[in-house]
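Novice: One structure, pasted below without further comment.
The values are calculated or read from the model by the stated rules, or taken from the named source; none is laboratory data. The shown structure was predicted, so the numbers you read here are calculated from the model rather than taken from an experiment. No Cβ is skipped: glycine too gets one built from the backbone with ideal geometry, and neighbour counts run over all protein chains shown. These area figures cover heavy atoms from the full protein model, side chains too; ligands, DNA and RNA do not enter into them. Shrake-Rupley method; radii C 1.70, N 1.55, O 1.52, S 1.80 Å.
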Amino acid sequence: MNRIFDTHTHYDDKAFDDDRDVVISGLFENDVCCAVNQGTDIASSEFGIKLAEKYDGIYAAVGLHPECLNEDSIKQIDTVKQLALHKKVKAIGEIGLDYYYDVPKPLQKTVFEAQLILAGELSMPVNIHDREAHGDVLEMLKKHRPKGIVHCFSGSAEMAVEVVRLGMYIGMGGVVTFKNARKAVEVIENIPMGSLVLETDCPYLAPVPFRGKRNDSSMIKYVAQRIAEIKNISADEVLKITRENAQKIYDIELSEVK
Ligand code: NI
């Protein structure tokens, strides 16, 4: 039984165009049981579904990422809904707020909120992107009470505790292995293992010793190793608990995965 459950990937990214099938097939030889590919727009959501149809261990989330919005985005929510009905779609994502980029805040909030409402209607979990928008993201979570993951968590330990109190999970990846990861380490110290999941956000954010290189789900073992040190448990336990957490969120029985 493979142990790594990667809750957040972008295998549709052009960084994998030359060798996507080799990379994905290789994952299952390298301790990866599952990866959930996140949609950023309609095309990438559809691409993720194609990958999920091709590989047993790949699942898809569908959604509109805050960096990818335009005037048509609100009209595309209906398409997201149609795509979400596919049996290998397990979440609405990647959705959220990103105040680092120059996409108008009112548009971001409208599309984020519409997708939170959609997830509620469909009783599906969400995968949330929060970049420099902690206050507004937290406000939306309190208002709509979605289930799911705040991915690549970059808020304070206090915010993490609030997110956990709302019943959501904290996604952690390569950043925890970086030298300047003080904030992420504090977050991990302050939340229970039962509220933590692992992710890559690949092709981005490869862990040390591969920082700056192309990331893939097999590299999660370095993230697990670092979290094991922080939590003073074994890397085995980190992988087991986070895999069980991810299965619970995405409602995936491992007997489904060959
Ligand atoms: Ni992402």
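Novice: Enumerate the lysines that Lys240 could reach by cross-link, defined here as Cα to Cα under 16 Å, with residues fewer than 8 away along the same chain left out.
Specialist: Leaving aside lysines fewer than 8 places away in the same chain, those within reach of Lys240 are Lys221, Lys231, Lys248.
Novice: With every protein chain kept in place and ligands, DNA and RNA left out, what is the accessible area per residue of region 32-165? Probe 1.4 Å, answer in Å².
Specialist: Per residue, region 32-165 has 42 Å² of solvent-accessible surface.
Novice: Hey, got a sec? Which trypsin sites (Lys or Arg not before Pro) in region 168-207 land in a DSSP loop and have at most 16 other Cβ atoms within 10 Å?
Specialist: Lys179
Novice: Highest GNM mean-square fluctuation, the chain, Cα pairs closer than 10 Å: which of Phe16, Phe47, Phe153?
Specialist: Checking each option, the largest mean-square fluctuation is seen for Phe16.
Novice: Which of Val175, Ala91, Ser234 sits closest to the plus end of the dipole of the chain, meaning its Cα is farthest towards the positive end, when Lys and Arg get +1 and Asp and Glu get -1 on the C-beta?
Specialist: Checking the options against the dipole of the chain, the answer is Ser234.
Novice: Here's something else I'd like to know. Take peptides 208-214, 108-114 and line them up by average Cβ neighbours within 10 Å, highest first, as a rough protection proxy.
Specialist: 108-114, 208-214
Novice: Carbon and sulfur together cover what percent of the accessible area of region 4-256 at a 1.4 Å probe radius?
Specialist: 49
Novice: Also: Relative contact order for region 113-166 using alpha-carbon pairs under 8 Å, separation at least 6, rounded to a whole percent?
Specialist: Once normalised by length, the contact order is 40 percent.
Novice: For the chain, set up a GNM with springs between Cα atoms under 10 Å and report which of Ile117, Ile74, Ile233 has the largest fluctuation.
Specialist: Looking only at Ile117, Ile74, Ile233, the largest GNM fluctuation is found for Ile233.
Novice: Right, here's the next one. Can you compute 3J(HN,Hα) from phi for each residue in region 77-88, using the Karplus curve 6.51 cos²θ - 1.76 cosθ + 1.60 with θ = phi - 60°, rounded to whole Hz and x for Gly and Pro?
Specialist: Taking θ as phi minus 60°, the curve returns 4, 4, 5, 4, 4, 4, 5, 5, 7, 4, 5, 9 Hz for region 77-88.
Novice: Restricting to Cα pairs below 8 Å that are 6+ residues apart, what does the relative contact order work out to for the chain? Please round to a whole percent.
Specialist: Relative contact order for the chain comes out at 19 percent.
Novice: May I ask which of Lys105/Lys179; Lys87/Lys147; Lys75/Lys105 have a Cα-Cα span longer than 23 Å here?
Specialist: Lys105/Lys179
Novice: Please sort by residue number the GluC sites (Glu not before Pro) in region 179-258 whose DSSP state is loop and whose Cβ has at most 13 other Cβ atoms within 10 Å.
Specialist: Taking region 179-258 and a limit of 13 other Cβ atoms within 10 Å, the loop GluC sites (Glu not before Pro) found are Glu253.
Novice: Continuing with this model, one more query. What relative contact order, as a whole-number percentage, does region 1-97 give when Cα pairs under 8 Å and 6 or more residues apart are counted?
Specialist: Relative contact order here is 27 percent.
Novice: In what order, largest first, do Leu85, Leu141 sit by accessible area if the probe radius is 1.4 Å?
Specialist: Values: Leu85 110, Leu141 0 Å².
Reading off the accessible areas and sorting them downward yields Leu85, Leu141.
Novice: Let me ask something additional. Which of these, Asp19, Asp130, Asp78, has the largest mean-square fluctuation under a Gaussian network model of the chain (Cα springs below 10 Å)?
Specialist: Answer for the Gaussian network model of the chain: Asp19.
Novice: Considering amide H positions built from the backbone, and no H for Pro or chain starts, which residues 5 or more places from Val126, or on another chain, come under 5 Å of its amide H?
Specialist: Amide H neighbours of Val126, under 5 Å, 5+ apart: Ile92, Lys147, Gly148, Ile149.
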